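*Asks:* Here it is, the structure in full.
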Amino acid sequence: MRSGNSAGPALVLLSGVPGAGKTTFARALCAAGGFVHLESDAIRLQLFPVPEFTGREHGRVFAVAEARARKALEGSSRVIVDATNLSRSDRRRFVDLASRSGAALVGVRLTAPDRVIRERLAGPREGNSQATVAVYDGMRQRAQAFTFAVVTVDGRFDIEPSLALVRRLIEEA
């Protein structure tokens, strides 16, 4: 993590179960400009047009996401890593990358009540995610606490105050 110059690189690390609102949040943050959006679901579909969701596939997706994040941070860009990132081990590569690159690091945990997530996943969805209620059921118990300060966002409500807070945290880092 860095301090001082707000013109430097930043990494916004999103976390949350499928349907919590990660991609919606990332797109809204990107709308203001100046961010590179690395969406794991989009990367997976680029690499594997018919994904099988294997461990090998997962490893390749996140190796590519890390390489793209590294390149962007080396160019002093602001990067959003949009993936479930539920466990400490899922997040470790990006936390370490931010530290090594001197980037500001802002964690954002997106959440919503169980019934809301089930409704979102049961209906038609926009975007690249192929997650279903069954995927959610398999993942929801994997969430681990962050080891650094994190902004928690309830995806049911207006996200603008949280977006403003994340932008401010980056600027003040």
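None of the figures in this text is laboratory data; all of them are computed from the coordinates on show. What you see is a predicted model, and the numbers here were worked out from it, not measured in a lab. Every residue, glycine among them, receives a Cβ derived from its backbone with ideal geometry; neighbour counts consider all protein chains shown.
*Asks:* Compare the peptides 25-32, 104-111, 77-84 by average per-residue count of other Cβ atoms within 10 angstrom and give them in order, highest first.
*Replies:* So the order, starting with the most tightly packed, is 77-84, 104-111, 25-32.
*Asks:* Please compute the modelled spin-label separation between Glu52 and Ser87, points set 7 Å along Cα→Cβ, answer in nm with one decimal.
*Replies:* Simple spin-label model gives 2.1 nm for this pair.
*Asks:* Further question on the same structure: Based solely on its DSSP helices, what 222 nm [θ] is calculated for the chain when runs of n ≥ 4 H residues each add -39,500 (n - 2.57) and the sum is averaged over all residues, nearest 500 deg cm²/dmol?
*Replies:* Result for the chain, helices only: -14500 deg cm²/dmol.
*Asks:* Which number do you get for Rg(Cα) / (2.2 N^0.38 Å) in the chain?
*Replies:* Rg over 2.2 N^0.38 Å, computed on Cα atoms: 0.98.
*Asks:* Another question, then. Kirkwood hydrodynamic radius of the stretch 62-113 from all distinct Cα pairs, in Å?
*Replies:* Value: 11.6 Å, from the Cα pair sum.
*Asks:* Relative contact order for the chain: what percent, with Cα pairs under 8 Å and sequence separation of 6 or more?
*Replies:* 38
*Asks:* Over all directions, average the projected area of the Cα convex hull of the stretch 99-154 and note it in nm². Before the final figure, lay out the partial values.
*Replies:* Values: hull surface 21.8 nm².
Hull-based average projected area comes out at 5.5 nm².
*Asks:* Let me ask another. Need one word for the stretch 8-79: rounded, prolate or oblate. Basis is the Cα gyration tensor (sqrt eigenvalues a ≥ b ≥ c); a/c below 1.5 gives rounded, then a/b vs b/c decides.
*Replies:* oblate
*Asks:* For the stretch 1-98, which GluC sites (Glu not before Pro) are both in a DSSP coil and crowded by at most 15 other Cβ atoms within 10 Å?
*Replies:* Taking the stretch 1-98 and a limit of 15 other Cβ atoms within 10 Å, the loop GluC sites (Glu not before Pro) found are Glu52.
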